[in-house]
Amino acid sequence: MPLKQLPASVRERLLIEIYRQANELDWEFLSNGEKTNQYRRWIEDPRVGGVLLSFGEEKDARVWIKDVPMKEYARAQEGIGNYVRYAVNRFRGAKEIVQAALGEGWEVRRNSIGEKPNHCYATDGESSRYVCWGRAGTFRDLIWASVSEAANTSDRPAIVITTRDGETISRADRRQQETIAAHCGVDLKYLHRYMIPNPDYVGNSDPEI
């Protein structure tokens, strides 16, 4: 049986367990080497690899972990996509971003949230503006998306650079980002975010796999 055809109940328990561990590890702050080591540990973990290996080969199990749960992990923490309910903690969502970018009175336009980069359209009831956001390392993608959007509309786009505890942006990098955004006619804001317990979380007890 291909791993993509795992029984639904088994798949769900695996997602809960992997996301629970990723949350404890603070996955987004691990180095590439640390992430590689953790993939190996998951294969060796009877609650993860022990289950997957009963349905396929080790190489397929490793690919499944990378391409299914962990490919979606950052998006789930943003409250985006089909895996949100497996994230133990998450950010408050696009509304927090929009209000940081544009102020109170602006709301996320219905069904407008997208990715690559994370973005949405905001409205105050009359105007509509494009807002995208991400960590400082994604600034190049954010500015390109904003400029591309600006080429097709008269509404000024906005970028929000996000940080969380453990992350900082140097004064020099911030000045450079602000200079580029101003040159491109894009509003730029910074938001330090805090995670909250996920209100949609399904894994309220440790799964017994």
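Stretching the chain fully between SER54 and GLU107 yields a gain of 14.4 nm (0.36 nm per residue, less the alpha carbon separation). Using 13 Å as the cut-off for backbone N distance, which residues of segment 57-79 belong to the label zone defined by a point 7 Å from the Cα of GLN5 along Cα→Cβ? Of the residues in segment 57-79, none has backbone N under 13 Å from the label point off GLN5. Counted residue by residue at 0.36 nm each, then reduced by the alpha carbon distance between them, the extension gain from ARG140 to TYR194 reaches 17.1 nm. Applying a DSSP loop filter and a limit of 13 other Cβ atoms within 10 Å to the trypsin sites (Lys or Arg not before Pro) in segment 2-78 leaves LYS71.
Take the Cβ atoms of SER170 and ASP124, set R0 to 25 Å, and the FRET efficiency comes out at 0.15. Sorting GLU167, GLU24, GLU178, GLU17 on solvent-accessible area from highest to lowest, probe radius 1.4 Å, gives GLU24, GLU178, GLU167, GLU17.
For segment 144-209, the set of chymotrypsin sites (Phe, Trp or Tyr not before Pro) satisfying both a DSSP loop assignment and a count of at most 15 other C-beta atoms within 10 Å is given as TYR194.
Treating each Cα of the chain as an identical point scatterer and summing with the Debye formula, the log10 of I(q)/I(0) at q = 0.08, 0.10, 0.18 Å⁻¹ comes to -0.34, -0.51, -1.20. Compared with the dominant principal axis of the Cα atoms in the chain, helix 171-184 is inclined by about 60°.
Heavy-atom accessible surface of the chain, averaged per residue, reaches 55 Å², computed with a 1.4 Å probe.
Comparing ARG129, ARG156, ARG171 in a Gaussian network model of the chain, where Cα atoms under 10 Å apart are tied by springs, the biggest mean-square fluctuation is seen for ARG171. Across VAL98, VAL108, VAL63, mean-square fluctuation computed from a Gaussian network of the chain (C-alpha pairs under 10 Å connected) peaks at VAL63.
SER127 contributes about 50 Å² of solvent-accessible surface, heavy atoms of the protein only, 1.4 Å probe.
Enter the mean projected area of the convex hull around the alpha-carbon atoms of segment 1-60, in nm², rounded to one decimal.
Working: hull surface 16.4 nm².
Seen from a random direction, the Cα hull of segment 1-60 projects 4.1 nm² on average.
The lysine pair tally for the chain, using Cα distances under 29 Å and a gap of 8 or more places or different chains, is 18.
First compute the accessible area of the chain with a 1.4 Å probe, then give the percent of it belonging to carbon and sulfur atoms. Provide the component values of the computation, followed by the final result.
On the way: 5200 of 11580 Å².
The nonpolar share, carbon plus sulfur, comes to 45 percent.
In terms of Cα atoms, the Rg and Dmax of segment 133-209 work out to 17.0, 55 Å. Using a probe of 1.4 Å, the accessible surface attributed to LEU3 totals some 10 Å² when neighbouring protein chains are kept in position.
The values are calculated or read from the model by the stated rules, or taken from the named source; none is laboratory data. In this text the structure is predicted, and so the values were computed from the model without any measurement. Reconstructed Cβ throughout: ideal geometry from the backbone, glycine too, with neighbour counts over all protein chains shown. Just the protein is used for accessible areas: all its heavy atoms, side chains included, with ligands, DNA and RNA removed. Shrake-Rupley method; radii C 1.70, N 1.55, O 1.52, S 1.80 Å.
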